[in-house]
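We did not get these values from a lab; they are worked out from the coordinates using the rules stated. For clarity, every value in this text was computed on a predicted model and none was experimentally measured. With ideal geometry, Cβ positions are generated from the backbone for all residues, glycine too; neighbour counts draw on all protein chains shown.
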Amino acid sequence: MLSGKVAVVTGAASGIGEAAARLFVKEGARVVLGDIQEERLAKLIAELGGPRAAVARRCDVREEQDVQALVASAEEAFGQPLDIMVANAGIVGRTTCPEARMELMDFEGQFDREVQTNLRGTALSIKHAGRAMKAAGRGGCIINVASVASFMANCSTSGDPALITAGYGASKAGVVMLTKLGACELRDAGIRVNAVAPGYTATPMVAQVLGMSIEDTIAYLAKTSPLPGVAILPEDIAQGMLYLASDMARCVNGHTLVIDCGLVAGVPGSR
Ligand code: NAD
């Protein structure tokens, strides 16, 4: 589905970004992987078949020159302009005051870290990918990563703590609007800008928040899912990204595709 395309994936060393990189390569794209975890990137490149299929570059999405260089490296590596940007890198802080789960009163720097990475990092990714795609003049596609936390203050599926902080929720709500604004700004250049909004997905991020192994995380998510027994895996989110990146979605623009087993719709958790 992506034969002949060149893609950049940020936050590609783990979880959803890693799954997107694997799927995009399987579907014929050549991919530039950006992340701050260089060792994990090197391992992944080897698994993906080496530099003909994928290359890695250290990129901290909070740093504009890193994002600019990451985008430029797509054409340098593969001799062809960028077609697809997946702005996936993100962090979630720890909830340290469970009674006030939004942490508006006590965020101690965490708010800034979440906003810098999730919101500013996404804006920089749109900016530099959009510029490169515009200059190449052959359209393109940008996919951001929002969250169920873009829409819900309390994302609990089980009555347990909702695992959300103010910086996370506000930054992910901002990603939905950046997606719409990006779609407006880049439409003349034939560039579509969309997002996915995952529900709880079994990645190292969620495993760490829950304090569980990945296996236990999958079991926990299956037990509490709005669709009984269905745990969302990183591959499920990558499939949504593949759809948005493909010609099947050629009329989809400015849209946030929620992939959450029905949580945002109000379908209750199954426990
Ligand atoms: P993850 O922690 O497994 O992977 C995130 C990756 O981003 C890591 O490899 C990390 O090193 C990288 N990263 C962090 N800060 C970075 C920075 N400044 N520059 C570059 N890379 C950076 O998490 P994940 O669950 O795969 O999350 C991927 C995206 O999906 C994030 O934007 C996250 O907010 C979003 N999301 C995840 C879930 C979920 O339940 N897992 C739900 C909704 C949204």
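Grab the DSSP H runs of the chain that are 4 residues or longer, score each as -39,500 (n - 2.57), total them, divide by all residues and round the 222 nm result to the nearest 500 deg cm²/dmol.
So the helix-based figure for the chain works out to -12500 deg cm²/dmol.
Among the lysines in the chain, how many pairs, 8 or more places apart or on different chains, have alpha carbons under 21 Å apart? Final tally of qualifying lysine pairs is 8. Packing here is the average count of other Cβ atoms within 10 Å per residue, and on that basis the peptides 193-202, 114-123, highest first, run 193-202, 114-123.
Amide H contacts under 5 Å for ALA56: LEU33, restricted to partners 5 or more places along the chain or on a different chain, H placed in the peptide plane at 1.01 Å from N.
For the range 29-42, backbone phi angles converted through the Karplus equation (6.51, -1.76, 1.60; θ = phi - 60°) give residue-by-residue couplings of 7, 9, 10, 9, 9, x, 5, 8, 9, 5, 5, 5, 5, 4 Hz, Gly and Pro being listed as x. Protection proxy ranking of 178-190, 234-246, by the mean of other Cβ atoms within 10 Å over each peptide's residues and highest first, is 234-246, 178-190.
Converting phi to 3J(HN,Hα) with the Karplus coefficients 6.51, -1.76 and 1.60 and the offset θ = phi - 60°, the range 216-231 yields 5, 4, 4, 5, 5, 5, 5, 6, 9, 5, x, 9, x, x, 9, 8 Hz in sequence order, with x at every glycine or proline.
For VAL8, nonlocal amide neighbours, meaning residues 5 or more places apart or on other chains whose placed amide H falls under 5 Å from its own, are VAL32, ILE84, MET85, VAL86. Database remark: amide H of ASN253 closer than 5 angstrom to no amide H (H placed geometrically; neighbours at sequence offset of 5 or more, or on other chains; Pro and chain starts carry no H).
Arrange the peptides 28-34, 81-87 so that the one whose residues have, on average, the most other Cβ atoms within 10 Å appears first.
81-87, 28-34
Using θ = phi - 60° in the Karplus curve 6.51 cos²θ - 1.76 cosθ + 1.60, the 3J(HN,Hα) couplings for the range 116-125 round to 4, 7, 6, 9, 5, x, 5, 4, 5, 5 Hz; x is entered for Gly and Pro.
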